[in-house]
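J.: Have a look at this one.
The values are calculated or read from the model by the stated rules, or taken from the named source; none is laboratory data. If you're wondering where the values come from, they're calculated on a predicted model, not measured in any experiment. Here the Cβ positions follow ideal geometry from the backbone for every residue, glycine too, while neighbour counts run over all protein chains shown. Heavy atoms of the whole protein, side chains included, go into the accessibility calculation; ligands, DNA and RNA do not. Shrake-Rupley method; radii C 1.70, N 1.55, O 1.52, S 1.80 Å.
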Amino acid sequence: MQNGEIARELERIATLMEIKDEAYYRILGYRRAAESVVAQGRPVREMEDLTKLAHVGAATAGVIRDLAEDRTPQLLSDLLEEVPAGLVEVTRLPGVGPRTAGRLWRELGITSVEELGALEEGKLAALKGFGKKSEERVLKAARTYNATEKRMLLNEATNLAGEILEFVRSHPACERAEVAGSLRRQKETIGDLDIVASSGEMKALADAFAEAPFVQEVLAHGPTKVFIKTRGVEVDLRIVEPEAYGALLHHFTGSQAHNIVLRERAVKRGLNISEYGLARAGTGEYEPVASEAELYERLGLPYIPPELREDAGELLAAEKGELPDLIEVGDIRGDLHVHTNFSDGRGTIESMAEAAISLGYEYLVFCDHSQSLKVANGLSPERLKRKIEAVREADEKYGEIRLLNGSEVDILKDGTLDYEDALLAELDFVVASIHTSFNIGEEAMTERMIRAINNPYVRTIAHPTGRVLNRREPYEVDVSRLIREAARTNTALELNSYVDRLDLSVPYVREAIGAGVKITIDTDAHDEGALGFARFGVSQARRAWVEKGSVVNTLPLAEFEAYLREGK
DNA sequence: GCCGTTTTCGGCCCGACTGTTTTCAGTCG
C-alpha cells in the first residue's frame, strides 16, 4: 500500500473506533498518525523505524507495517467484525457524526447510507434528541449522497473565491477580508472555501453575506459565522473585530494539525491560542493579535508560510531557524515544456513567445509531441526538423527572449524513445514522458522509465506518475527508484504545473530534492493562458519545501545555457 | 493512542452554531 491508502485505512480505523465509542484520545492517536503518514515524503513502506514518524508509537507502527505490506491489521479485522463497514460512509453525511451513526446502528439497525435513505418517515424523529428538522436533514443528506465527491482544482477554487471575496470586501462594514483554509495553503485540490473578515459591525456583514446573490442555501447563520452553499460548494465566512484579524486568519488557515501542535506548544509556555488571540493559560482573557507574524513572534517563532503549515516538521525547523527560503513565482525565468499548434497546442510559436515575454521570461522551450502520439498530432522527424527551423527563425525575431527547441518525446513501451538519438541531439532540451501503455505493472513501468532516464539526451521526465486529478489515478511505478536513478544520472524530474496534474506530487518532490534531484517547474501549456499556471506549480513546490536553487528554470539565461551545454 | 527543557504517568486545542433542549451534546472546522 502507498502512503495515501495507508492514511485512509488509519482514518477508517479511527472512525470505526469512534462509532464503537472508544476512548477519545486513543482515536485521536490513529487520526494524527494518519496525518503524519500523508505528510511523509518517502513511502513509509521503506522506513525501518516507523516510530520516527510524529504521533506514531509502537502500536500504530505495527498497524502501519501491516498495511504497508498488504496485510489486514488484527485491530482492523476485529473492528470490522463488530462494526458494519458501511457506517463509515454514514459518518460522511453532513451533520451526521460517529455518535449519531452509532446510535442509528444500535437503535434502528442502520448499516449503510442506502438503508438510512430508505428509512420510513417518523422513525428518526422518534429517537431521543431528534426531531422533525433533524430527520428531514439527515434523510435528505442520505438520499442525495454522492460517494464520488469531486474536489475543485486550484484555478476553479481561486476564481470562485475571488468573486466571493470581491462581494465581501465591497461591503461597507468590511474592513479586511482574505481567503484562508486549504486554498490559502494551496492544497492540490480544494473542498470548501474559507473566507475570513474583520469588521466593526460584524452582524451587519454576516447578514449581508447570508443574503448575497450567489447564495444557494444558508447552512448556518450566526452573528460572527455564516456557512453557505454556492454552485455546490460550501463557503464559510468568519468575522472578528479588526484587532483580532491576525489570530483569525491564522486559525482559519490551518491546517488543523498545525494549529493543534502550535497550541500544544503554547500551552507548555503558559499561553492559550484561539481565533481571538493569545491568553495567559486558564484566564480566558484573550489579547487580540493583529497579524500572523505577531502571533508567531509572541510564541518565539519566525513566520511560517501557509504552504508549510501541515505539521510536517515545520515547527521543529522554525525553532531551529532552519525554515527553507521558499521559491517564489518571480524566481521562474522560463518555461521548459510548452506546446504549439505544430502538435496539439492552440498557440503559435509567436503567440506563445509573446505570452512568455509578458510574464517577463528570459527563455522558452517548445516541446511538441513526438511521432507515435498520433492523437496529439505528434511530429514526424521531418516535421520536427521544419519546426526546429521555424523556432530558430522566431528566435532571431525576438530580442527579449531566447526561444529554444525541445520535444516531449514519448517513452515507448520498452523504454526506448520515440526519436533516434541523432535527432534528439539536435534539440536544446528533451522532455520524456509516458502517454501510452499505462497498465504494464510497477516493475515493468519502473524499468521502462529508468531506461529513458539513462538516455543521455533526456533532461527531465515530464509528469512522472501520469495522474490526472479527479479523472485518473497515477500508473504504478516505484517513484523512489526513479528518484535515485535521476540523482545518479543528473536527470531532472518535472513538477508539471497544469492544474489537473501537479505531478510529481508534493511528497515526492520533497523526497526528490532531499535526494539532490533538480526539479523543472513547467506548465505543459497548450495555449497562452496556461503559461500562468506556473503559479500553481510554484505553490506545490513551496508545499514541498523547495528553494529556488533546486529548480532548473530559476537559472538566469546565461547560466541556463551553460547548464544545457554541460549536458548530463 | 502518543508524548516528555517542570514528565515514563497524567496529561493531551479551541470555539461557533444547531436542534432539542431548559443546560447541552453533537458536529464542524
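J.: Along the Cα-to-Cβ line of A:E156, 7 Å from the Cα, sits a label point; which residues in the stretch A:488-512 have backbone N less than 13 Å from it?
T.: Hits in the stretch A:488-512 for A:E156 at 13 Å: A:499-501.
J.: With both partners inside the stretch A:152-240, how many of the DSSP beta bridges are antiparallel, as a percent to the nearest 5?
T.: Details: 16 of 22 bridges.
Here the share of antiparallel DSSP bridges comes out near 75 percent.
J.: Extending each Cα 7 Å along its Cβ direction at A:T72 and A:E243, get the distance between those two points in nm, one decimal.
T.: Taking the simple label geometry, A:T72 and A:E243 are separated by 5.8 nm.
J.: Quick one: order A:W105, A:W545 from most to least accessible surface, probe 1.4 Å.
T.: Numbers: A:W105 60, A:W545 40 Å².
Greatest to least solvent exposure: A:W105, A:W545.
J.: Fully extended, how many nm does the chain gain between A:K140 and A:S351 (0.36 nm per residue separation, minus their Cα-Cα distance)?
T.: Working: separation 211, 0.36 × 211 = 75.96 nm, distance 5.08 nm.
Taking 0.36 nm per residue and subtracting the Cα distance, the gain is 70.9 nm.
J.: Given the stretch A:329-566, what percent of its DSSP beta bridges are antiparallel, to the nearest 5? Let's see the in-between values first.
T.: Values: 3 of 30 bridges.
In the stretch A:329-566, approximately 10 percent of DSSP beta bridges are antiparallel ones.
J.: Then there's this: Just the accessible area for A:V218, please: 1.4 Å probe, Å², rounded to the nearest 10?
T.: 70
J.: Compute, for A:I401, the solvent-accessible surface of its heavy atoms (probe 1.4 Å) with the complete set of protein chains present, and express it in square angstrom to the nearest 10.
T.: Estimated to the nearest 10 Å², A:I401 gives 10 Å².
J.: Averaged over all directions, how much area does the convex hull of the C-alpha atoms of the stretch A:245-319 cover when projected, in nm²?
T.: Details: hull surface 16.6 nm².
Result: a mean projected hull area of 4.2 nm².
J.: Right, another one. Need the C-alpha centroid separation for the stretch A:451-508 versus the stretch A:60-137, integer Å.
T.: Centre-to-centre distance over Cα atoms comes out at 39 Å.
J.: Same structure, new question: Regarding the stretch A:97-150, what whole-number volume in Å³ per residue does the convex hull of its Cα atoms give? Let's see the in-between values first.
T.: On the way: hull volume 4.5 nm³, N = 54.
Cα convex hull per residue, to the nearest whole number: 84 Å³.
J.: Oh, and also: Can you send over the solvent-accessible area of A:R535, 1.4 Å probe, protein chains only, in Å² to the nearest 10?
T.: A:R535 has an accessible surface of roughly 110 Å² with all protein chains in place.
J.: Within 10 Å of each candidate Cβ there may be at most 11 other Cβ atoms; applying that plus a DSSP loop requirement, which GluC sites (Glu not before Pro) in the stretch A:124-209 survive?
T.: Details: sites: A:E135, A:E136, A:E149, A:E156, A:E163, A:E166, A:E175, A:E178, A:E188, A:E201; in loops: A:E149, A:E175, A:E188, A:E201.
Listed in order of number, the matching sites are A:E149.
J.: Still on this structure: With 10 Å bins from zero, work out the P(r) of chain A over every alpha carbon pair and list the percent per bin.
T.: 3, 15, 23, 25, 19, 11, 3, 0
J.: Name all residues of the stretch A:217-241 having a backbone nitrogen under 15 Å from the label point set 7 Å from the Cα of A:S274 along its Cα→Cβ direction, giving them as ranges.
T.: Hits in the stretch A:217-241 for A:S274 at 15 Å: A:224-225, A:239-241.
J.: Convex hull over the alpha-carbon atoms of the stretch A:329-566: what's its volume per residue in Å³? Provide the component values of the computation, followed by the final result.
T.: On the way: hull volume 25.7 nm³, N = 238.
Output value, Cα hull per residue: 108 Å³.
J.: So, one more: Percent antiparallel among DSSP beta bridges with both residues in chain A, to the nearest 5? Please report the intermediate quantities before stating the final value.
T.: Details: 25 of 58 bridges.
Antiparallel: roughly 45 percent of the beta bridges in chain A.
J.: Among A:H221, A:V179, A:A161, flag the residue with its Cα farthest along the positive direction of the charge dipole of the stretch A:152-240, charges on Cβ as +1 for Lys/Arg and -1 for Asp/Glu.
T.: A:V179
J.: Which entries in A:K225/A:K548; A:K52/A:K518; A:K387/A:K568; A:K52/A:K548 show an alpha-carbon gap greater than 31 Å?
T.: On the way: A:K225/A:K548 39 Å; A:K52/A:K518 27 Å; A:K387/A:K568 25 Å; A:K52/A:K548 29 Å.
Exceeds cut-off: A:K225/A:K548.
J.: A 29 angstrom limit on the alpha carbon distance is what I want to check against. Which of A:K132/A:K187; A:K268/A:K320; A:K20/A:K229; A:K132/A:K229 exceed it? Walk me through the numbers before you get to the answer.
T.: Working: A:K132/A:K187 38 Å; A:K268/A:K320 18 Å; A:K20/A:K229 32 Å; A:K132/A:K229 22 Å.
Long pairs (Cα-Cα over 29 Å): A:K132/A:K187; A:K20/A:K229.
J.: Given the stretch A:378-511 reduced to its alpha-carbon atoms as identical point scatterers, what log10 I(q)/I(0) does the Debye formula return at q = 0.11, 0.18, 0.22 Å⁻¹?
T.: -0.42, -1.02, -1.32
J.: Can you give the charge dipole size of chain A about its Cα centre, rounded to the nearest 20 debye, using +1 on the beta carbon of Lys and Arg and -1 on the beta carbon of Asp and Glu?
T.: Numbers: 71 positive and 96 negative charges, 251 e Å.
Once rounded to the nearest 20, the dipole reads 1200 debye.
J.: Something else: Heavy atoms only, probe 1.4 angstrom, no DNA, RNA or ligands counted: give me A:K203, A:K128 ranked by accessible area, highest first. Walk me through the numbers on the way to the answer.
T.: Numbers: A:K203 120, A:K128 170 Å².
Result of the area sort, largest leading: A:K128, A:K203.
J.: Assuming a ≥ b ≥ c are the square roots of the Cα gyration tensor eigenvalues, decide whether the stretch A:137-216 counts as rounded (a/c under 1.5), prolate (otherwise, with a/b larger than b/c) or oblate.
T.: Numbers: a/c = 2.53, a/b = 1.41, b/c = 1.79.
Judged from the Cα gyration tensor, the stretch A:137-216 comes out oblate (a/c at least 1.5, b/c at or above a/b).
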